[in-house]
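Some notes on the structure that comes next.
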Amino acid sequence: PEDTVTSSFASFIHAARPEHLSNTVRHRSKRMILDSIGVGLVGSTTHVFDIALRYCRLYSPVAVSSVYGKPGVKLSPTLAAFTNGVATHSMDFDDTWHPATHPSGAVLPALLAASQMLPPGTKPSGMDFLLAFNVGLEVQGRLMHFSTEAHDIPKRFHPPSVVGTMGSAAATAKLLALTSAQCSHALGIAASLAGAPMANAATQAKPLHIGNATRLGFEAALLAARGMEANPFILDDIPGCSGFGAFYGVYHPKPLPAPGDRHEFLLEKQDIAFKRFPAHLGMHWVVDAALSVRNLFLNYAGSFSPALIRTIVLKIPVSKYINRPFPSSEHQARHSFQFNACVALLDGEVGLGSFMESSIQRQELRELLDKVVVEHPEDNVANFDKMYGEVALLLHSGDVLMGKCDTFYGHWRKPLSKESLLKKFRSNASHVLPEEKVETIISMVDNLEKLPDSSQL
């Protein structure tokens, strides 16, 4: 069928060319690739990654694709994508877009694995890789804009498990040079493999959402390449027969314009948020607010003395799964406004060590958590583009100290500097790689367009 939403997406995937990527899009997407690799490398040190890797090694007879942080270990391409996707989201340290999703982790592991899968002489170049990555981002972003629900912090489906699976299918289809018809089928197959409920947030199962998105989208493209067909109207709004719109209560799809001189990738208009510490994005507002009020407290009292505090008031948006008064595990702690605010107050920072069990169970931290009261101002909406964090300390003296954050450092309105991004990458990657390899990756990503064989990455 022609002139359908689905066919327009398939045509876009097939027709996109390197010259359609502006300098801004190339620059921003390479920052995303570097950050995502670093996050995946440090994520390979986690318990949930070990579980996923042990599982995948049971079912990997064709071992050709590399695994984050494990030199010499290879898996079959789709299982490598799955394992590396789990690593990427194992600490909730990966990038976030608006409308809300984690775009890189759902695409990059599939492309890394696919580039190693292809035989010599057919390896995609670094430019091919960069183009496929951006195609995967664009498909995710366009799909999210079809529903107003996607603009708010999600309640039903975890977005990367929905749009990420479609983005992985699109990106892999592009890298494998599928025909337009095959691209359409890849999207249709991916839609049948997508979706994960929000109830598994703050558990060890949440990283599986990214692992499955990148793996299953990859598998959808492989199946389409081998002749499997799917509904050619999967993205269209067909009354009485739900397609991709089944994931949303409100769904208004629009055709994706053909790439060309007038096409502007969404990444051109909307930058990405990079996290400074490994926790849900919403935590970054309350942490910056808490650090601000902590500085006021130090000027007031000379040192941080919890005994002077009667009540800690958090003004946050309504979002049930990240409102956790007393988290008992690292995954719950990464999804707790209360925990992250109190750690920032107590320690003056939030980092990798903040989510260790020994840190979570500290008595002084528990005593601070006991003092927290949560308020939900009507103007503080659950939307990553509009929300704010506010932390007020009500002291026994009657004095009140207050800190507020409208835009944290790392948000798309306040992007990390090159120096900050490189510092984060070096810190993350150095957990598993020697310095010379860390620097090699930085140089390789920075010059990705000139890389003759993307599997070198």
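Side notes on the structure shown:
- The C-beta contact set for segment 398-412 (first residue without any contact (Cβ under 8 Å) to a residue 60 or more places away in the chain, second residue open to solvent by 60 Å² or more (accessible area, probe 1.4 Å) and assigned to a loop (DSSP other than H, G, I, E, B), distance under 8 angstrom, 6+ apart or interchain) comprises Thr407/Arg413; Thr407/Lys414.
- Residues of segment 248-261 include at least one that is closer than 30 Å to Arg26 by Cα and either within 18 Å of the chain's Cα centre (by Cα) or aliphatic (A, V, I, L, M) (or both).
- Condition met for Pro61 (at pLDDT 95 or above and either assigned to a loop (DSSP other than H, G, I, E, B) or under 18 Å from His209 (Cα atoms) (or both)): no
- Considering Lys404, Lys414, the condition of being closer than 30 Å to Glu375 by Cβ and within 19 Å of the chain's Cα centre (by Cα) is satisfied by Lys414 alone.
- Boolean, Thr165 is within 13 Å of Phe244 (Cα to Cα) and of a type in the set (Val, Ile, Thr): yes
- If you go through segment 87-125 and keep only what is part of a helix (DSSP H, G or I) and either aromatic (Phe, Trp, Tyr) or open to solvent by 20 Å² or more (accessible area, probe 1.4 Å) (or both), you end up with Leu112, Gln116, Met117.
- Every pair of residues 6+ apart whose Cβ atoms lie under 6 Å, when the first sits in segment 240-269 and is more than 21 Å from Ala190 (Cβ to Cβ) and assigned by the TED database to the domain that holds Ser180 while the second is exposed (fewer than 14 other Cβ atoms within 10 Å of the Cβ) and among the β-branched types (Val, Ile, Thr): Val250/Thr148
- Residues in segment 126-175 that are aromatic (Phe, Trp, Tyr) and not in a loop (DSSP other than H, G, I, E, B) were compared, and the one that is most open to solvent (accessible area, probe 1.4 Å) is Phe157.
- Residue in segment 10-25 that is open to solvent by 10 Å² or more (accessible area, probe 1.4 Å), without any contact (Cβ under 8 Å) to a residue 60 or more places away in the chain and either outside the structural domain of Ile189 (by the TED database) or of a type in the set (A, V, I, L, M, F, W, C) (or both) present: no
- In segment 315-338, the residues that are buried (at least 16 other Cβ atoms within 10 Å of the Cβ) and outside any helix (DSSP H, G or I): Lys315, Ile316, Pro317, Ser319, Asn323, Arg324, Pro327, Arg334, His335, Ser336
- Restricting segment 38-62 to residues that are touching a Ser or Thr at 6+ places or on another chain (Cβ under 6 Å) and farther than 22 Å from Ser104 by Cβ, the residue that is least open to solvent (accessible area, probe 1.4 Å): Ser60
- Residue check for Leu216: under 22 Å from the mean Cα position of the chain (by Cα), part of a helix (DSSP H, G or I) and at negative phi: yes
- Qualifying residue in segment 67-78 (condition: in a helix (DSSP H, G or I) and either closer than 24 Å to Asp271 by Cβ or open to solvent by 10 Å² or more (accessible area, probe 1.4 Å) (or both)): yes
- Selection from segment 346-394 of residues that are open to solvent by 10 Å² or more (accessible area, probe 1.4 Å) and β-branched (Val, Ile, Thr): Val350, Val372, Val373, Val374, Val381
- Taking segment 191-243 as the range and being farther than 16 Å from Gly43 by Cβ, of a type outside the set (Gly, Ala, Ser) and open to solvent by less than 10 Å² (accessible area, probe 1.4 Å) as the test, the residues that pass are Phe218, Leu235.
- From the list Ala213, Ala202, the one residue that fits, being of a type in the set (A, V, I, L, M), under 30 Å from Ile51 (Cβ atoms) and at pLDDT below 95, is Ala202.
- Residue selection: Ile312 fails the criterion of being closer than 27 Å to Arg413 by Cα, in contact (Cβ under 8 Å) with a residue 12 or more places away in the chain and buried (at least 21 other Cβ atoms within 10 Å of the Cβ).
The values are calculated or read from the model by the stated rules, or taken from the named source; none is laboratory data. Computed from a prediction, not measured in an experiment: that's the story for all the values here. All Cβ positions, glycine included, derive from the backbone under ideal geometry; neighbour counts span all protein chains shown. Side chains included, ligands, DNA and RNA excluded: accessible areas come from the protein's heavy atoms. Shrake-Rupley method; radii C 1.70, N 1.55, O 1.52, S 1.80 Å.
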